[in-house]
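The values are calculated or read from the model by the stated rules, or taken from the named source; none is laboratory data. Predicted model only: the values in this text are computed from it and were never measured. For neighbour counting, all protein chains shown are included, and Cβ atoms are generated from backbone atoms with ideal geometry for every residue, glycine included.
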Amino acid sequence: MRRMVLTDFDGTLFRSDRTVAQKDIESLRRLGEKGVIRVIATGRNLFSFMRAAPADLPVDYLIFSTGVGIARYPEPASNMIRESQLSCEACLHIREVFDRFGLDYMVHDTMPENHRFVYQRHHKDNEDFQTRLSFYEGLASPITDGFQGPASQFLAITHEERGSVLFAEVASVLSEFTVIRTTSPFNGVSTWLEVFPKGVCKSDAASWLAQECGVPVSGTMAVGNDFNDEDLLHWAGRGFVVDNAPEELKSHFEAVAANDSCGVSEAIELWVP
């Protein structure tokens, strides 16, 4: 039976010091020697991931932007195998909803330029929003009334304490899309609300890729650390969360060591016969 390992990046494989442990790299390399397909499933877009990933990362596929794109690795830009986008009509509807909720948000361009975006601010004191703008300096501009789309995704950043309640409200209004909640990789506190075309999520991308590679769900394992990994962890034949994951997730999935202590390697050791 063919097998596949999927791991999230930020907070799972990627450590707090912005590196990947050599032990985890060696664990992934050994999986390749055993013929196990290795996949990164990240919320980062391609541009952001390639800036952070080590040059020697031994993986076979990259699921990025939470499933908007799937590509072969190590040269994903020239080896894209699937991509999705939001229509102009969808973009106008999502904009209206986000504006009604008074959210600060970003609208990312379509593939392969989805590292570029336009943005709308309703609050001046959203530090996490400003941090992300600084990260994409030169690649972002304020939204204009003439913007219609299409786009790859919407991303709203809120520092409100009621992030989970806000997520439920927005997801209910935008039920015809995939709405995902995650915790900011920058400050670990702010809530990010991401909107994608219906069906776009890590588990859908993983399911499609597994079928393409001839891997049954029972032959898959996934490791994650946050709420945007939850659907992937439920889908996989076996799902693990690293110890730095929210307690809510650790109560539903097997827990391994934290990302800073090579939790991915521990999960691999527990899963590989």
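A few points about this structure:
- Among the conditions (1) of a type in the set (Phe, Trp, Tyr); (2) under 21 Å from residue 92 (Cα atoms); (3) not in a helix (DSSP H, G or I), residue 186 misses just one, which is (2).
- Of the strands (runs of 3 or more DSSP E) that lie entirely inside the stretch 45-155, those containing 1 or more residues that are of a type outside the set (A, V, I, L, M) and either more than 22 Å from residue 182 (Cα to Cα) or not assigned by TED's automatic domain parsing to the domain that holds residue 167 (or both) span 61-64, 69-72, 80-83, 140-142.
- Residue 130 vs. criteria surrounded by fewer than 19 Cβ atoms within 10 Å (Cβ to Cβ), touching a Leu at 6+ places or on another chain (Cβ under 7 Å) and polar (S, T, N, Q): no
- Filter pass, residue 55 being in contact with a strand residue (DSSP E or B) (Cβ under 8 Å, 6 or more places away or on another chain), surrounded by fewer than 21 Cβ atoms within 10 Å (Cβ to Cβ) and over 24 Å from residue 147 (Cα atoms): no
- Residue count, the stretch 256-273 (criterion: surrounded by fewer than 18 Cβ atoms within 10 Å (Cβ to Cβ) and touching an Asp or Glu at 6+ places or on another chain (Cβ under 9 Å)): 4
- When we screen 219, 237, 224 for residues that are crowded, with 23+ Cβ neighbours inside 10 Å and either among the β-branched types (Val, Ile, Thr) or at negative phi (or both), the only hit is 224.
- Test for residue 189: is it touching a residue at least 12 places away in the same chain (Cβ under 8 Å), more than 19 Å from residue 71 (Cα to Cα), outside the structural domain of residue 71 (by TED's automatic domain parsing) and more than 15 Å from the chain's Cα centre (by Cα): yes
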